[in-house]
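Notes for the one structure printed next.
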Amino acid sequence: MVARPASDGTVAKALDVLDLVASFGRPVRFSDVLEQSSFPKATLYRLLQTLVSQGMLAFDADRSCYTMGIRLVRLAHVAWAQSSLAPIARPHLDRLSAQVGETVHLAQLDHAQVLYVDKRNARMPIPMYSQAGKVGPAYCTGVGKAMLAYLPEGQLPAILAQQSWHRFTPKTLTSPDALQKELAAIRARGFALDDEEHEPGIICVALPVMTSGGAVLGALSVTSTTSHTDLDALCAYAPLIRDIARTIAQETETWRFPEEDAHSTRKRA
């Protein structure tokens, strides 16, 4: 979980507990949560009860288990529709998937991690970690590096400080210095690569989705396996991915800021 300022108080603690329950990916008992939580037993129980009373969690008395609450599901759907790139990008992901026949990912940064917001499977699906709704490391995924490479310099140090630098494979970059060199190379060539850095045998090419002003909205990637293709073949998709990423960004800007655009038009008139 991402560390939050102590001044956030009870709200931050409740959100940390909510994150923890969600991380199990299944109904969990109090003992499961307590084992993973840093909160004292009484504090944890109080926070869980608050989340249940507010509909953010549900408690099954028969099984003594906590699950995600209906209110949280409703809010998640609203957030997905209003804040995620996924609804706008959906037809463009379909088009990219149909053209390349490989796995396609759409991701955004969630604090210092990568949140996969949508995915299209290859014509011949392959097992891999990524799924829509999952979070992954930013420093060793193609979509993560594509976004990190184009963040404002002032934002990058704080995000790098929150990376785990765990070595997932022999090719994983495990230090800020090594990643900084890689990010410079990404900016020079215009796209990022994942050369089996997160999962053995999984490779990808990724590009950022950026506004006309250079703000990073997310990233788009085409992913495959070393048994099926190689990085040179994936790199050939970079121009197509770039065009689709630009289209998604343009449509996102128009959708997110219609009042601002209208105001600017009236002002010019």
### Message
Could you give each residue of segment 149-160 its phi-based ³J(HN,Hα) in whole Hz, using Karplus coefficients 6.51, -1.76, 1.60 with θ = phi - 60°, and x for Gly or Pro?
### Response
5, 10, 6, x, 3, x, 8, 5, x, 5, 6, 5
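Which of the trypsin sites (Lys or Arg not before Pro) found in segment 97-189 are in a DSSP loop and have at most 12 neighbouring Cβ atoms, other than their own, within 10 Å? Don't skip to the answer; put the middle values down first.
Working: sites: LYS119, ARG120, ARG123, LYS134, LYS145, ARG167, LYS171, LYS181, ARG187, ARG189; in loops: ARG123, LYS134, ARG167, LYS171.
Taking segment 97-189 and a limit of 12 other Cβ atoms within 10 Å, the loop trypsin sites (Lys or Arg not before Pro) found are ARG123, ARG167.
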### Task
Mind checking which lysines have their Cα closer than 20 Å to the Cα of LYS13? Skip sequence neighbours fewer than 8 apart in that chain.
LYS41
#### Entry: Amide H within-cut-off set for MET68, under 5 Å, with H built and near neighbours excluded
ALA58
### Message
If you fit an axis through the alpha-carbon atoms of helix 238-256 and take the longest principal axis of the Cα set of the chain, what angle between them do you get, 0 to 90°, nearest 10?
### Response
50 degrees
### Task
Round to the nearest 0.05 the FRET efficiency obtained for THR50 and HIS111 when R0 = 30 Å and r is the Cβ-Cβ distance.
0.85
### Message
Can you list residues from other chains, or at least 5 along the same chain, whose modelled amide H is less than 5 Å from the amide H of GLY218?
### Response
VAL209
### Message
Looking at the calculated P(r) for segment 161-264, what percent of the C-alpha pair distances fall above 24 Å?
### Response
35 percent
### Query
Leaving out same-chain residues fewer than 8 places away, which lysines sit with a Cα under 20 Å from that of LYS145?
LYS119, LYS134, LYS171, LYS181
### Task
Along Cα→Cβ, 7 Å out, is where each label goes; now give me the distance between the ones at ASP177 and ARG90 in nm to one decimal.
4.8 nm
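With viscosity set to 0.890 mPa s at 25 °C, what whole-number translational diffusion coefficient in µm²/s follows for segment 6-74 from Stokes-Einstein and a Kirkwood radius over Cα pairs? Show your work: numbers first, answer last.
On the way: Rh = 12.0 Å.
Rounded, D is 205 µm²/s.
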### Extension gain, HIS166 back to ARG246 (0.36 nm per residue minus Cα-Cα distance, nm)
25.6 nm
### Task
Among ILE186, GLY133, PRO40, pick out the residue whose Cα is farthest towards the positive end of the charge dipole of the chain, where Lys and Arg carry +1 and Asp and Glu carry -1 on C-beta, about the Cα centre.
PRO40
#### Entry: Estimated [θ] at 222 nm from DSSP helical runs (n ≥ 4, -39500 (n - 2.57)) normalised by residues in the chain, nearest 500
-14000 deg cm²/dmol
### Message
Calculate the FRET efficiency for ALA98 and LYS134 from the Cβ-Cβ distance with a Förster distance of 25 Å, rounded to the nearest 0.05.
### Response
0.55
### Task
For segment 180-190, take each phi angle, set θ = phi - 60°, evaluate the Karplus expression 6.51 cos²θ - 1.76 cosθ + 1.60, and give the result in whole Hz per residue in order, putting x for glycine and proline.
4, 5, 5, 5, 5, 5, 5, 4, 5, 8, x
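Using only the alpha carbon atoms of the chain, find the Kirkwood hydrodynamic radius as the inverse mean reciprocal pair distance, in angstroms to one decimal.
Numbers: mean 1/r = 0.0493 Å⁻¹.
Over the chain, the inverse of the mean reciprocal pair distance is 20.3 Å.
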### Message
Could you tell me the center-to-center distance, by alpha carbons, between segment 112-156 and segment 25-58 in angstrom?
### Response
29 Å
### Task
Could you check which residue among GLU35, GLU253, GLU182 shows the biggest mean-square fluctuation in a GNM of the chain with a 10 Å Cα cutoff?
GLU35
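FYI, it's all coordinate maths here, none of it is from the lab. In this text the structure is predicted, and so the values were computed from the model without any measurement. Cβ sites come from the backbone with ideal geometry, for glycine too, and all protein chains shown count toward neighbours.
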